[in-house]
Amino acid sequence: MRVYLLIAAIAGGVTWLVTPIVRHMAIEIGAVGEVRARDVHKIPTPRMGGVAMLIGFVVAMLFASRIPFISGLFREDTTAWVIMIGAALVSLLGVADDVWDLDWMLKLAGQLLISVFVSWGGVQIISLPLGSLVAASPSLSMAITAILIVASINAVNFVDGLDGLASGIVAIGGVAFAIYSYILARTSPSYASMATLIDVALVGICVGFILHNWHPAKLFMGDSGSMLLGYLITCASIVMTGRLDPMSVHTSVYLPVFMPILLPVLVLFLPVLDMCLAIVRRLSHGQSPMHPDRMHLHHRMLGIGHGVRGAVSILWGWAALIAFGSLSVLFFQPFHVAIGMAVATVVLTVATMYPYMKHRLPEIREENREYREARRGAEHTRHGRR
């Protein structure tokens, strides 16, 4: 465990250190986001923060490759190197979008090509609780993996609308993934786990970047960051569960809720929900699924009356509830988990709706007062006519 904490600290420290350098570079090359109608920020802010996160991740992984406890993961398999190459390609695609604002179809095509490459390189969902995908069709395994990676990349990209929101949600998911993968690794002869390694490095770069990205942000992660985070957390989940044989793991550890397809959805529930709602909303209006608007979950939180920091904190709370609520069934009785989640849901619901009710309740009381006065006036007029 101490080795993983060291890797997380290295990833976070490197990201924190190089972020100001990347910010200066973004300004120099013109990767500065103009203020658009849908944006929350009021002044042009440099993007490309994902480059700093990529550097932090790669440095942490290279450092890990030299640690005896983990180095075997790099010698025995090419998965780590394929994931790092894919991370660099995803981040470069995001940099191109941060600088030149690529057409969404071109960006989607690039995401798909990179996902296919990573899947072809060995990062695949090769088994499900229903059976082996490779036995059915290697092409099917690659296709499902690529689609899952692209979907997660865009889910995180959709939710990246407030300072610290996307990085915080992914960090929460990364912690949940790391705990679960570490538990699984303890059932194997070696405690070393590629999934845990990716997760802790991911959490580290998120925390290191949040220190510069907390409202008011000095630098945005841009598509180079949001796509990188979606890519990495999905690769970690695929490495963790996509090769897991349910028959070889004790039932107290492996639960149906953690199936390879459902696990990213549970941990990234808010980004996936926001993406699905946005796609349905835009298609129903005859618009492109990538057409920008101000109807995302974080925009609605601001519309209710929350400030940026308050909205981010509450959305983090919802993400933590879903991620750790699902994970807690490994340690507590389902009945107790259900009670705890119900209480937390009530608390978060009150916190979410408080600004709205704070302003709305006086309006409701005023409306009721006016209604009663109007009713008494009508009754008085009616009695006077008699």
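Nothing in this text is a laboratory measurement; each read-out follows from the coordinates by a stated rule. Treat the numbers as computed from the prediction; the structure is a model and nothing was measured. So basically every Cβ, Gly included, is an ideal-geometry build from the backbone, and we count neighbours across all protein chains shown.
Worth a mention:
- Each of 316, 120 was scored by other Cβ atoms within 10 Å of its Cβ. Arranged with the fewest first, they read 120, 316.
- Among 169, 210, the ranking by other beta carbons within 10 Å of each residue's beta carbon, starting with the fewest, stands as 210, 169.
- Segment residue 105-residue 139, extension gain: residue separation times 0.36 nm, minus the distance between their alpha carbons: 9.9 nm
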